[in-house]
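A short worksheet on the structure shown next.
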Amino acid sequence: MTTLISKEEVASLVRPTRLHKRLYLDPDVFELEMERIWGQAWIFIGHESQVPNPGDFFTTNITHKIPVVMVRDKGDSVHVLHNRCGHKGAKLVESRQGNVRGAFRCPYHGWTFRHDGGLLKVPNESGYDSTGFDSSDPCYSMQSVAQVESYRGFVFATLSAEAPDLKTWLGGAIDCLDNLCDRAPEGEVEVAGGVLRYEHQCNWKFILENLNDTMHPMVVHQSVVQAAEDYIATLPESAVEQRSEAEIIPPFGSSYEKFEDSGITGFRYGHHYDGGKTSIHADYKVLPAYHDAMVKAYGEERTREIYAFNTHNTLYYPSLTIKSAVQNIRVVRPIAVDRFVVETWSFRLKGAPDEMLQRTLLYSRLINSSFGMVGPDDHEVYRRAQEGLESNASEWVEFHRQYGRDQVLEDRVIGGGTSDLDMRTQYKAWQEYMTGEVFQ
Ligand code: FES
Ligand SMILES: [Fe+2]
């Protein structure tokens, strides 16, 4: 347990309109974040569709040092277990995903474990006779993490027994997960098309701060927007496909006024989204075959309602960010104070024509991947921030925009789309988690 930093010291690093640079540079602050934020919050593990059959598993980390495995058992329940052998602690499962037909088998001394983590068999067991060893003691199993819950197929886990239930924790931000799934005519989504992994050479919080930072796109992405607009101008009217693909880029150069209109909504525990009534995804063309499938499933009025809730990025602080209107998600995994990995997963809308998945995959490649046209711009500025903050100039970074103008409602705070409401929301939660007061 990290005890190098006192509660008062932690609290003093976050002020109403500024943050101390230690948040991005100090390895002790990072270790404390892993223990108090990542070790207490509900962390997104994976989607149930990644483990469709009994014995299917998927491995990830819940904090930088704690490996876990998500596995489906024969009774169709999905578990999240510590990826640790109950004997001498070896990490049991090394592959990212696969299937264990019968049981997990430790590569060291061959202990085997059921899909629910229970100890199945110890080789040459007679050596334990009359030693006091009790094979039914859960400490010898692959232990479950403290709490595991799934919402519409999205599996979260927490190392904290004190965290409230998942729905309570998601609060009003749950609307965005619902909207992502409701955009499927069958009301369900499934992972499709593989994963894009992108390692960033900077602190994990930069990507969360950037999600609803609408003061940056017209600057950071200016050159790619210009290039896309120039390219579109060369296309003949008949180049419908190329045009619709290239048209994904220009909204990133939208005006300050347009981003201001989209608004930002913040919730307890650090969650927030931009958009709602409108977003940079609002002008996407609706494919006729998709619209027909939606109307058949929901009726005209409900279909319009689903389209009308148009968000851009939603953050479920600290590990998951989703784009409901585009059907992809990004999963954040810190590694060190100046390194993290972000994974982009794309989703198929069940009951929708294949073109919808193709559009999602195209978006993921163009915008989020390490070889894309937008994500690398963002990475460049995060890396520069990490580098610049090492200087011994000011010790603080600021976030004053529209301070004092947020509108506080019963379960949410709303404000202008170019405000720093998202920063205020996540750093309020940061402070609560870090001082140990978050679930009190
Ligand atoms: S460490 Fe796993 S069986 Fe010994
Ligand atoms: Fe960006």
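The values are calculated or read from the model by the stated rules, or taken from the named source; none is laboratory data. Since we're looking at a predicted model, the values are computed, not measured. Counting neighbours? That spans all protein chains shown, and the Cβs are built from the backbone with ideal geometry, glycine included. To get the accessible areas, we keep the full protein, side chains included, count just its heavy atoms, and leave off ligands, DNA and RNA. Shrake-Rupley method; radii C 1.70, N 1.55, O 1.52, S 1.80 Å.
In this label model, E305 and S370 are separated by 4.4 nm, measuring between points 7 Å along each Cα→Cβ vector. Helical runs assigned H by DSSP (4 residues or longer) give the chain a calculated mean residue ellipticity at 222 nm of -8000 deg cm²/dmol, each run adding -39500 (n - 2.57) before division by the residue total. Per atom type, the chain shows carbon and sulfur on 49% of its accessible surface, probed at 1.4 Å. A cut-off of 5 Å between modelled amide H atoms, ignoring neighbours fewer than 5 places along the same chain, links I62 with V68.
Placing R0 at 35 angstrom, the Cβ-Cβ distance between L4 and V408 gives a FRET efficiency of 0.50 after rounding to 0.05. Annotation: aspartates and glutamates with alpha-carbon distance below 19 angstrom to K121 (same-chain offsets under eight excluded): D73, D129, D134, D137. R0 = 45 Å: FRET efficiency of D261 with E241, Cβ-based, nearest 0.05? For D261 and E241, the calculated efficiency is 0.90. Backbone geometry of region 127-132 corresponds, through the Karplus equation with coefficients 6.51, -1.76 and 1.60 at θ = phi - 60°, to 3J(HN,Hα) couplings of x, 8, 4, 6, 9, x Hz, x marking Gly and Pro.
Cα centroids of region 178-204 and region 1-57: 21 Å apart.
Each Cα pair under 8 Å and six or more residues apart adds its separation to the average, and for region 245-337 the resulting relative contact order is 25 percent. Across the cross-link table entries K285/K350; K167/K285; K285/K323, which are compared at the Cα atoms, the separations over 24 Å belong to K167/K285. Loop-resident GluC sites (Glu not before Pro) (DSSP state other than H, G, I, E or B) in region 213-319 with no more than 14 further Cβ atoms inside 10 Å of their Cβ: E237.
Per residue, the accessible area of the chain comes to 44 Å², computed with a 1.4 Å probe over protein heavy atoms only. Comparing F259, H312, M294 along the charge dipole axis of region 250-314, the residue lying farthest to the positive side is M294, per the Cβ-charge model. Pairs K21/K277; K7/K205; K74/K277: which exceed 32 Å Cα-Cα? Those over the limit are K21/K277; K74/K277.
The listed peptides 87-97, 314-324, ordered by packing as a protection proxy, come out as 314-324, 87-97 (highest mean of other Cβ atoms within 10 Å first).
Its residues counted as N, the chain yields a C-alpha radius of gyration over 2.2 N^0.38 Å of 1.04.
How tilted is helix 288-298 with respect to the longest principal axis of the chain? Cα atoms for both, answer in degrees (0 to 90, nearest 10). Taking the Cα atoms of the chain, the angle to 288-298 is about 60 degrees. Considering only alpha-carbon pairs that sit under 8 angstrom and 6 or more positions apart, the relative contact order computed for region 166-434 is 31 percent. Protection proxy ranking for 165-174, 5-14, using the average of other Cβ atoms within 10 Å per residue and placing the highest first: 165-174, 5-14. Among the cysteines of the chain, C139, C176, C181, C202 have no other cysteine beta carbon within less than 4.7 Å of their own. Cross-link reach is defined here as a Cα-Cα straight distance under 16 Å, omitting same-chain residues fewer than 8 places apart; for K65 the lysines meeting it are K91.
Packing, taken as the mean count of other beta carbons within 10 Å per residue, orders the peptides 355-364, 284-293 from highest to lowest as 355-364, 284-293. For region 334-373, what class follows from the C-alpha gyration tensor (a ≥ b ≥ c being the square roots of its eigenvalues): rounded when a/c is under 1.5, otherwise prolate if a/b is larger than b/c, else oblate? Oblate, because a/c is 1.5 or more while a/b does not exceed b/c.
Around the Cα centre of the chain, unit charges on the Cβ atoms of Lys, Arg, Asp and Glu (plus for the first two, minus for the last two) sum to a dipole of about 780 debye. For region 303-317, 3J(HN,Hα) computed residue by residue from phi via the Karplus equation (6.51, -1.76, 1.60; θ = phi - 60°) reads 4, 4, 4, 5, 5, 5, 7, 10, 9, 9, 10, 10, 10, 9, 5 Hz, glycine and proline entered as x.
Distance between Cα centroids, region 130-144 to region 89-122: provide it in whole Å. Here the answer is 15 Å between Cα centres. Using alpha-carbon positions, what is the distance between the centroids of region 325-351 and region 381-413, in Å? Distance between centres, Cα-based: 23 Å.
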